[in-house]
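Report on one structure; see the data block that follows.
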Amino acid sequence: MDILLQQIINGLVQGSIYAMVALGYTMVYGIMGLINFAHGEVVMIGTLVAISIVTLLVQSGMPPALAGAFGVAGAALVCMALGWSLERVAYRPLRQAQRLAPLITAIGCSIVLQNLAMMIWGRNYMTFPPLIEKTQFEFAGASFTSVQVMIVTVAALSMSGLLFLVYRTKLGMAMRATAQNPAVAGLMGVNANRVISSAFVVGSALGAVAGVMVGTYYEIAHYQMGFMLGLKAFTAAVLGGIGNLAGAMAGGVLLGLIEALGAGYIGDLTGGFLGSHYQDIFAFAVLIIVLMFRPSGLFGEKTGDRA
Amino acid sequence: MNKWLTPRSSLGLVLVAAALIALPFIAGMGGQAWVRILNFAILYAFLALGLNIVVGFAGLLDLGYIAFYAVGAYTWALLASPHFGLHLPFWAILPIGAVLACAAGALLGAPTLKLRGDYLAIVTLGFGEIVRIFMNNLNAPVNITNGAQGITLIDPVIIGQFKFSATSTIFGITVSGPQKYYYLLVLLALGVILVNYRLQHSRIGRAWQAIREDEIAAKAIGINTRNVKLLAFAMGASFGGIAGGIFAAMQGFVSPESFSLIESIMILAMVVLGGMGHIPGVILGAVLLTILPEALRYAVVPVQKALFGEVLADPESLRMLVFGLALVLVMRFRPAGLWPSPERRRELAEKVR
Amino acid sequence: MSDLPVLLEARAVAKHFGGVKALRDVSLTIRQGEVYGLIGPNGAGKTTFFNCMTGLYVPDGGGFVFAGAPLVADAPHRAAERGIARTFQNIRLFGNMTALENVMVGRHVRTRAGVFGAILRNGATRDEEAAIRRRAEELLHYVGIDDRADDLAKNLSYGDQRRLEIARALATEPKLLCLDEPAAGMNGTETEELRVLIEGIRADGTTILLIEHDVKLVMGLCDRVAVLDYGALVIEDVPAVVQHDPRVIEAYIGVAA
């Protein structure tokens with residue numbers, strides 16, 4: 001029982017990180033139908049920028065929590081600028097091109113960002129300085145830390161902020177309209193370029209926050225960390241039904257839970273044949289199975305063929 | 001038929017053939033490393049043409065293509081190495097590898113090919129990762145793949161007494177192992193080019209193009225879209241399996257590291273960068289993307305020294321950086337690829353107008 | 001006419017999308033060799049009926065019997081195999097293929113060559129390929145656009161695209177040819193040419209189901225006409241009767257003021 005609860009807690013924490021990153025994928029996809037493969041790298045850059053800022057400020061005597069706040073802000077600014085430039089420089093010129101061209105561009109951007117990061121921060125693992133004091137809590141036989149509480153709280157707050165933005169502001173309305181029908185939205189006076197740019201900027205900001213979360217949770221960072229994280233987050237977005245905000249959130253949390261529970265129980269399930277290093281298989285196996293039965297993801301709209 | 005064999009085109013053919021025959025010796029002058037690079041260029045061209053059937057002809061976005069290559073490579077590694085003490089001959093292993101890869105393709109494709117484009121992409125990607133993870137971990141409790149260490153001492157291609165890995169003298173000419181593999185690879189590549197070409201201009205090829213253009217209309221005229229797509233998928237997979245087998249024999253060593261997602265992406269990039277669906281374009285893409293990173297490897301350090309007098313940036317990352325930039329720039333300025341088919345070029349020209 | 005054998009029978013076909021009932025138990029009978037018109041105001045369910053019959057939609061109730069055997073739902077390629085071909089209201093050609101290639105694809109369902117045939121290019125495959133090409137050329141000539149054979153389908157004029165779509169449908173050797181608003185967007189001359197073409201096809205022995213807005217065309221061409229309104233069958237009879245039925249007039253003009 002305590003293992004179950006423990007894995008649920010771990011899964012929730014990991015899942016909220018996935019959800020934050022998944023939102024970046026889903027917003028861009030929902031509005032312009034593009035898989036922004038470079039989003040994982042944006043998150044990675046966010047983490048590394050935050051490390052640099054926090055380390056510098058803490059060394060100069062600032063309390064870690066405050067330095068952390070600056071770190072998040074700095075990372076968010078850098079990532080927003082990065083997301084904006086990616087769209088402006090790499091994707092916008094390709095909007096009319098064949099479907100696969102932007103995908104290859106995204107992959108190219110991803111390679112560029114990864115190697116740029118390696119040149120700036122080196123190829124070694126970096127330690128993420130602790131932002132808050134890590135206290136341990138006990139609950140019904142399972143334990144969790146203050147860091148985990150912080151991650152889930154910040155994720156919940158950021159996602160509520162996003163929902164407010166999308167459903168309660170003018171920009172959000174423009175975003176939803178463009179996602180529904182770009183041509184009609186354009187006729188109604190919505191500036192599609194501005195909407196697409198904002199989707200990239202907002203998604204990147206969420207990614208930066210997620211990057212700091214990953215850093216504080218695992219306490220290390222590396223220029224290659226963005227790839228797998230991005231892949232998992234994208235999987236989460238598809239699992240929930242890509243293009244759908246609530247779907248990305250639910251997909252992220254669900255994926256975190258599945259992975260944690262899978263890793264905890266796979267040995268028992270297979271009679272010891274498969275060990276916990278098969279954890280990464282769960283994400284993809286569940287994805288394939290879900291899509292076999294629900295081709296548009298768990299919460300995706302059914303896209304019927306129109307004749 | 002005869003309209004192809006005008007004096008001019010026959011001369012061209014002879015020149016191309018002569019160039020293909022001489023190439024490994026020219027490359028060999030710069031060291032056997034260059035012959036190996038050349039071999040990889042051809043191997044990747046083979047793979048890219050296999051993927052071209054899936055992506056270029058049938059329009060299915062496959063991001064897990066490397067998994068089939070892996071199946072072929074591991075089939076060869078397990079059936080012709082001391083790992084299990086099996087040493088089957090090449091004419092037995094290569095077909096087994098192709099059939100297993102084909103089966104893997106059908107297994108993945110049957111339930112998932114109804115998914116629309118991007119969903120199919122992520123599912124195939126996930127499948128590729130699953131295959132890699134299994135290869136990495138199937139060393140316990142029963143050691144099948146030898147895990148991350150991979151399998152070593154794999155048999156080379158041997159036909160009769162003719163060993164492709166060793167240097168030998170034929171008619172007074174010294175031919176190295178890589179040079180022998182070169183000729184084998186060229187033969188295989190010509191085979192896959194022929195298959196691509198003939199498929200494209202056939203009943204099945206037309207059905208693929210129809211599905212790519214308008215799937216609903218294709219269904220309405222009686223094309224069993226699921227089967228026809230599955231056919232493309234399985235065919236592409238079989239070619240991946242054959243390429244994998246040759247790769248294992250040529251290297252003498254396989255490990256899961258060679259089958260990561262980035263490899264799938266590279267092969268897709270070759271297809272798209274070259275000119276999707278256009279056979280010469282795909283070959284160009286494969287050759288460029290194999291040679292370019294290698295050439296950069298040699299160029300990056302001297303160029304930096306000449307410009308700044310010292311090595312400022314880590315050559316490996318700079319090399320990849322340039323490579324990534326090249327992908328972005330080609331797509332920016334030639335979105336249909338470097339050498340698109342004439343029809344595609346026409347389409348694009350119209351769009352601009 | 002009523003002594004002709006039945007080709008297609010719709011039995012209480014029902015289809016709804018969410019709460020909207022697009023088809024309410026529609027039953028009708030199409031006989032061999034006739035031109036059968038299906039008319040009704042916009043949104044009456046005509047195209048939905050088409051889509052159910054050709055397997056694009058799965059009906060929620062009822063079904064079809066075609067040439068003596070039930071049609072399997074949800075398998076459009078089966079319907080074509082059985083001998084039902086269709087055109088689309090908003091023209092769906094393979095735009096980047098030539099006109100000739102479009103018709104050649106239409107032969108798919110009546111030809112055999114597989115992957116191995118294509119790769120080996122043996123005698124049988126080459127013969128079949130030549131036959132496909134010949135038949136496609138004949139069909140282009142039949143609909144009168146043989147001079148556009150090598151043009152990309154998307155570059156054809158609107159009227160020629162309609163003809164090409166019909167040629168492609170004919171390439172599948174249908175027993176029943178379903179035309180979804182073929183005259184939409186055509187001018188008077190083009191419509192007249194279309195009428196001649198349809199009569200020719202019928203004279204060659206193909207049964208035709210025609211969805212059309214152009215009431216004049218329908219009444220002049222069809223042997224029998226069915227009227228749909230709000231997804232329900234209003235009447236099924238010869239044009240002369242349908243034309244004067246008060247329910248039909250009401251459906252088209254709205255409740256008589």
### Message
Among the residues in the range C:32-47, are any within 14 Å of chain B (Cβ to nearest Cβ) and more than 15 Å from the chain's Cα centre (by Cα)?
### Response
no
## Note on the structure
Reported set for the range C:14-38 where residues are β-branched (Val, Ile, Thr) and more than 14 Å from C:Asp223 (Cβ to Cβ) is C:Val20, C:Val26
### Residues (part of a helix (DSSP H, G or I), aliphatic (A, V, I, L, M), buried (at least 23 other Cβ atoms within 10 Å of the Cβ) and out of contact with any strand residue (DSSP E or B) (no Cβ under 8 Å at 6 or more places or on another chain)) located in the range A:32-52
A:Val42, A:Val43, A:Ile45, A:Val49, A:Ala50
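Each row is one residue, and each column tells you yes or no for (1) in contact with a strand residue (DSSP E or B) (Cβ under 7 Å, 6 or more places away or on another chain); (2) more than 14 Å from chain B (Cβ to nearest Cβ); (3) closer than 30 Å to C:Gly61 by Cα.
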site: C:Asp160; (1), (2), (3): no, yes, no
site: C:Glu165; (1), (2), (3): no, no, no
site: C:Glu173; (1), (2), (3): no, no, yes
site: C:Glu190; (1), (2), (3): no, yes, no
site: C:Leu194; (1), (2), (3): no, yes, no
site: C:Ile208; (1), (2), (3): yes, yes, yes
## Note on the structure
Among residues of the range B:218-232 being free of Cβ contacts under 8 Å to residues at least 12 places away in the same chain, facing chain C (nearest Cβ under 7 Å) and crowded, with 24+ Cβ neighbours inside 10 Å, the residue nearest to B:Thr124 (Cα to Cα) is B:Lys219
### Elements of type helices (runs of 4 or more DSSP H) in the range B:229-346, at least 2 residues being over 30 Å from A:Arg123 (Cα atoms) and aliphatic (A, V, I, L, M)
B:261-274, B:279-308
### Query
Which one of these is exposed (fewer than 15 other Cβ atoms within 10 Å of the Cβ) and modelled with pLDDT of 85 or more: B:Leu338, B:Leu329, B:Leu312, B:Leu321?
B:Leu329
### Message
Taking the condition of being within 22 Å of B:Val228 (Cβ to Cβ) and more than 14 Å from every other protein chain (Cβ to nearest Cβ), how many residues in the range B:89-120 meet it?
### Response
3
### Query
Pick from the range C:94-133 the residues that are under 16 Å from C:Ala80 (Cα atoms) and surrounded by 21 or more Cβ atoms within 10 Å (Cβ to Cβ): which of them is nearest to the chain's Cα centre (by Cα)?
C:Gly106
### Which listed residue is part of a helix (DSSP H, G or I), surrounded by fewer than 19 Cβ atoms within 10 Å (Cβ to Cβ) and not assigned by TED's automatic domain parsing to the domain that holds C:Leu139, from C:Ile201, C:Ile235, C:Ile249
C:Ile249
### Query
Under 7 Å by Cβ, and 6 or more places apart or on different chains, what pairs join a residue from the range A:97-116 that is at the interface with chain B (Cβ under 7 Å from one of its Cβ atoms) with one that is of a type in the set (Gly, Ala, Ser) and outside any helix (DSSP H, G or I)?
A:Gln98/B:Ala336; A:Cys109/A:Ala38
### Summary
Among residues of the range A:82-96 being free of Cβ contacts under 8 Å to residues at least 60 places away in the same chain and assigned to a helix (DSSP H, G or I), the residue farthest from the other protein chains (Cβ to nearest Cβ) is A:Ser85
### Task
Take the range A:53-63 and flag every residue that is part of a helix (DSSP H, G or I) and surrounded by fewer than 16 Cβ atoms within 10 Å (Cβ to Cβ).
A:Leu56, A:Gln59
### Task
Name every residue in the range C:97-132 that is polar (S, T, N, Q) and closer than 13 Å to B:Ala217 by Cβ, in order of residue number.
C:Asn102
### Those residues of the range A:254-276 which are away from chain B (no Cβ under 14 Å) and at pLDDT 75 or above, in sequence order
A:Leu254, A:Gly256, A:Leu257, A:Ala260, A:Leu261, A:Gly264, A:Tyr265
### Task
Can you run down the residue pairs with Cβ atoms below 6 Å, 6 or more apart or on separate chains, where the first is in the range A:1-29 and within 14 Å of another protein chain (Cβ to nearest Cβ) and the partner is buried (at least 21 other Cβ atoms within 10 Å of the Cβ) and of a type in the set (Val, Ile, Thr)?
A:Thr26/A:Ile242; A:Tyr29/A:Ile242
### Query
When the range B:241-286 is examined, which residues are found to be free of Cβ contacts under 8 Å to residues at least 60 places away in the same chain and more than 14 Å from chain A (Cβ to nearest Cβ)?
B:Pro280, B:Leu284
### Query
Which is in a helix (DSSP H, G or I), touching a residue at least 40 places away in the same chain (Cβ under 8 Å) and over 27 Å from B:Ala237 (Cα atoms), of B:Leu38, B:Leu11, B:Leu23?
B:Leu23
#### Entry: Cross-chain or 6+ apart pairs with Cβ under 7 Å, the range C:98-115 first and at negative phi and at the interface with another protein chain (Cβ under 7 Å from one of its Cβ atoms), then assigned to a loop (DSSP other than H, G, I, E, B) and not hydrophobic (A, V, I, L, M, F, W, C)
C:Gly106/C:Thr172; C:His108/B:Gly222; C:Val109/B:Gly222; C:Val109/C:Thr172; C:Ala113/B:Ser202
### Summary
Counted residues in the range C:69-83 being in contact with a Pro (Cβ under 9 Å, 6 or more places away or on another chain) and closer than 10 Å to B:Ile223 by Cα come to 1
### Message
Looking at (1) outside any helix (DSSP H, G or I); (2) within 12 Å of chain B (Cβ to nearest Cβ), which one does C:Ala73 not meet, given that it meets all the others?
### Response
(2)
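The values are calculated or read from the model by the stated rules, or taken from the named source; none is laboratory data. Just so it is clear, the model here is predicted, and its values are computed rather than measured. Note that we place each Cβ from the backbone using ideal geometry, even for glycine, and neighbour counts take in every protein chain shown.
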